[in-house]
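Down below is the structure, laid out as structure tokens.
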Amino acid sequence: RLDQTIQAKGGKTEKVELDKDYLKGYITDTKSILTSPLHWQKSDWMKASLVVGITLGLYACDENTQDWVQENRNDNSDDIAKFAKIFGDGKYTLPPLAGLFLYGHFSENSKARRVALLSLESYVVSGFFTLSIKFAGHRHRPGEADSPYVWDGPGLYKENQSFPSGHAQSAFSIATVIASEYSDIEVIPPLAYGLATLTALSRVNDDAHWSSDVFFSSALSYFTAKAIIRRHKKDKGNNIIVLPLIDSKYTGLLLSYQF
């Protein structure tokens, strides 16, 4: 008898491969995220309002916060910041992702390939959002301005791109995918988010960003990564198993519903 099983379970993760569909997803997923507010529910608007509210609260206190951080800055905080900011630099974070993908490829570990590819997509898409905001606002960095309220407005030049933080974006875009995909390993989520948080704080310590820069960027990258992960779930549906049955006596389909 020849049995072939086709199973569709709602909310299950799907394999992610480096193919045309994956590359196309950079466009379709970005479009989906940008248009998602049109379909938000009350809980989504509450989350967005919370992020905006905290960002504005930090923005109002940016000058005092920065003064306090710089007054208490010392060799230890500089050493921690020097280590932590590595996790926000693509020169150091992207090669390990490539290594993880190659490991998944040669060992036929689909989970490793999935994590590597989703991390890369999250990094690129959140980076696109971050750069777009940077070019739209051109906020002056704390080391370049006495006031946190100096913005130049839209322009295609590299100077004065404090808001939002690129290092925080890089760290949280990857950390969120790793923490989410390996949530079954207890140590992974706190380690991933902990390193990403240190990366964000290192930019304030180094007088490279205001506190509102790193918070907004962290939140933006977190929710972008979560959206991309959801986009790569299998379509929701009934837990149905379809079994084509072919043997000497019977030919047909066996349907089974799993509760």
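We did not get these values from a lab; they are worked out from the coordinates using the rules stated. Owing to the predicted nature of the structure, the values given are computational and were not obtained by experimental measurement. For neighbour counting, all protein chains shown are included, and Cβ atoms are generated from backbone atoms with ideal geometry for every residue, glycine included.
List, largest first, the extents of the alpha carbons of the range 17-231 along their principal axes, each in whole Å.
Computed over the range 17-231, the largest-to-smallest principal extents equal 53, 43, 34 Å.
So what is log10(I(q)/I(0)) for the range 81-179 at q = 0.15, 0.20 1/Å, when the Debye sum runs over its Cα atoms only?
-0.67, -0.96
Compute the orientation-averaged projected area for the range 1-133 from the convex hull of its Cα atoms and round it to one decimal in nm².
Numbers: hull surface 54.8 nm².
For the range 1-133, the mean projected area of the Cα convex hull comes to 13.7 nm².
Kindly give the semi-axes, whole Å and largest first, of the ellipsoid equivalent to the range 38-77, taking each as the square root of 5 times a Cα gyration tensor eigenvalue.
Semi-axes from the Cα gyration tensor: 34, 11, 5 Å.
Listed highest first by mean packing, meaning other Cβ atoms within 10 Å per residue, what order do 89-95, 72-78 come in?
Numbers: 89-95: 13.4, 72-78: 10.9.
Result, highest mean first: 89-95, 72-78.
Quick one: which of 154-160, 217-223, 172-178, 46-52 comes out on top by average Cβ neighbours within 10 Å, and what's the full order, highest first? Could you put the intermediate results ahead of the total?
On the way: 154-160: 10.4, 217-223: 24.4, 172-178: 28.9, 46-52: 12.6.
Those peptides, ordered most packed to least, come out 172-178, 217-223, 46-52, 154-160.
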